[in-house]
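Heads up, the thing below is written out as structure tokens.
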Amino acid sequence: MSNRSDLKMRLECLFPTPVWRTRLTGFERENARMLREVETLYGAEPALERSNVLGWHSRDDLQCRPAFAPLARLALRLIETEVASVLKLDTKQHRFVIASMWAVRNQKFAYNFVHRHPDCFFSGVYYLQSPDPSAALNFHDPRADVRMLRPPLREETPYTQHIRSYQPEAGALVVFPSWLPHDVSPNLSDSPRIAVSFDITSVSPTRRPVKRHRKS
Ligand SMILES: [Fe+2]
């Protein structure tokens, strides 16, 4: 048994959870167009019931509307480049597609309870308007066993956090695995928090798209 004081251990991170973030620049005209479209739909259509509490959830086929096509194209390009590069996705045999896209308009005190997005691979959220930094997007560690016992900590690190929060900022885009549980904190501002979310699946010459049962 070694008693050398300089003995080091190699650190390996098992089962890492990737979350991608970026900020869209030069997208102001598209943002304004999407905002107008969301407000028009908000005034015309009832909310779908998903994870939204007090907030309005739009229809989930926004990717078919011209105002949202630029965001849909951009999301797919990021999946087929950066996400594909990290995860070694098979983009030759499989084509990634937007399965659904929807807007959530959270007025004051509205929030979204913890949920996942079943039946798809990747999900994302793009913030059109986010006046209140408290209305965070909170990701939850899905590994139930890590909560069994926590060692005494001097401070939290990515190894010990059970919840990781991102402050919403207009123009920010977050992409994450669809199985990752998440919620949205209440909007404490008088102005609505407006975001566009999407789910991505894949198709191949021999497979039909994954059949969807629901989404949030
Ligand atoms: Fe969600």
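Every read-out reported here was derived from the displayed coordinates using simple, explicitly stated rules and does not represent laboratory data. What you see is a predicted model; the values in this text were computed from it and never measured. Glycine gets a Cβ as well: all are built from the backbone with ideal geometry, and neighbour counts include every protein chain shown.
Tell me which residues come under 5 Å, amide H to amide H, from Ser100 once H is placed; ignore anything under 5 positions away on its chain.
Sorted by chain and number, the residues that satisfy this are Asp199.
Which value, in nm² and rounded to one decimal, describes the direction-averaged projected area of the C-alpha convex hull of region 1-154?
Dividing the Cα hull surface by four gives the mean projection, 15.3 nm².
Let me know the longest stretch in the chain that avoids all GluC sites (Glu not before Pro) found in a DSSP loop with at most 13 other C-beta atoms within 10 Å.
50-154
Once the convex hull of the alpha carbons of region 56-129 is built, what does its volume come to per residue, in cubic angstrom?
Value for region 56-129: 121 Å³ per residue.
Determine, for Ser191, Ser100, the number of other Cβ atoms within 10 Å of each Cβ, and report the residues in order from fewest to most.
Ordered by Cβ neighbours within 10 Å, fewest first: Ser191, Ser100.
Could you size up the charge dipole of region 71-158 around its Cα centre, putting +1 on the beta carbon of Lys and Arg and -1 on that of Asp and Glu, and report it in debye to the nearest 20?
With Lys and Arg at +1 and Asp and Glu at -1, about 140 debye.
Under 12 Å from the Cβ of Phe109, count the other residues' Cβ atoms, weight Lys and Arg +1, Asp and Glu -1, and hand me the total.
It works out to a net charge of 0.
So between Ile163 and Leu149, what do we pick up on full extension, going 0.36 nm a residue minus the alpha carbon distance?
Once the chain is fully extended between Ile163 and Leu149, it gains 3.5 nm.
Two decimals is fine: what is log10 I(q)/I(0) at q = 0.13, 0.16, 0.20 Å⁻¹ for region 1-92, from a Debye sum with one equal scatterer on every Cα and no solvent?
Cα-only, vacuum Debye calculation for region 1-92: -0.69, -0.91, -1.12.
Taking the chain as the reference, fit the longest principal axis to its C-alpha atoms, fit the long axis of helix 69-78 to the helix C-alpha atoms, and give the angle between the two in degrees, 0 to 90, nearest 10.
Taking the Cα atoms of the chain, the angle to 69-78 is about 20 degrees.
Could you give the dipole magnitude of region 1-98 about its Cα centre, charging the beta-carbon of Lys and Arg +1 and that of Asp and Glu -1, in debye to the nearest 20?
Dipole magnitude for region 1-98 comes out near 420 debye.
Could you give the angle, 0 to 90 degrees to the nearest 10, between helix 28-44's Cα long axis and the longest principal axis of the Cα atoms of the chain?
70
Per residue, how much space in cubic angstrom lies within the convex hull of the C-alpha atoms of region 93-136?
103
Any idea what log10 I(q)/I(0) is at q = 0.18, 0.22 Å⁻¹ for region 65-200, Debye with uniform C-alpha scatterers and no solvent?
-1.09, -1.34
Test of the criteria: in region 131-212, which chymotrypsin sites (Phe, Trp or Tyr not before Pro) are in a DSSP loop and have at most 11 other Cβ atoms within 10 angstrom of their Cβ?
Tyr159
For n ≥ 4 DSSP H runs only, could you compute -39500 (n - 2.57) per run for the chain, divide by its residues and tell me the 222 nm figure to the nearest 500?
Computed ellipticity for the chain at 222 nm equals -4500 deg cm²/dmol.
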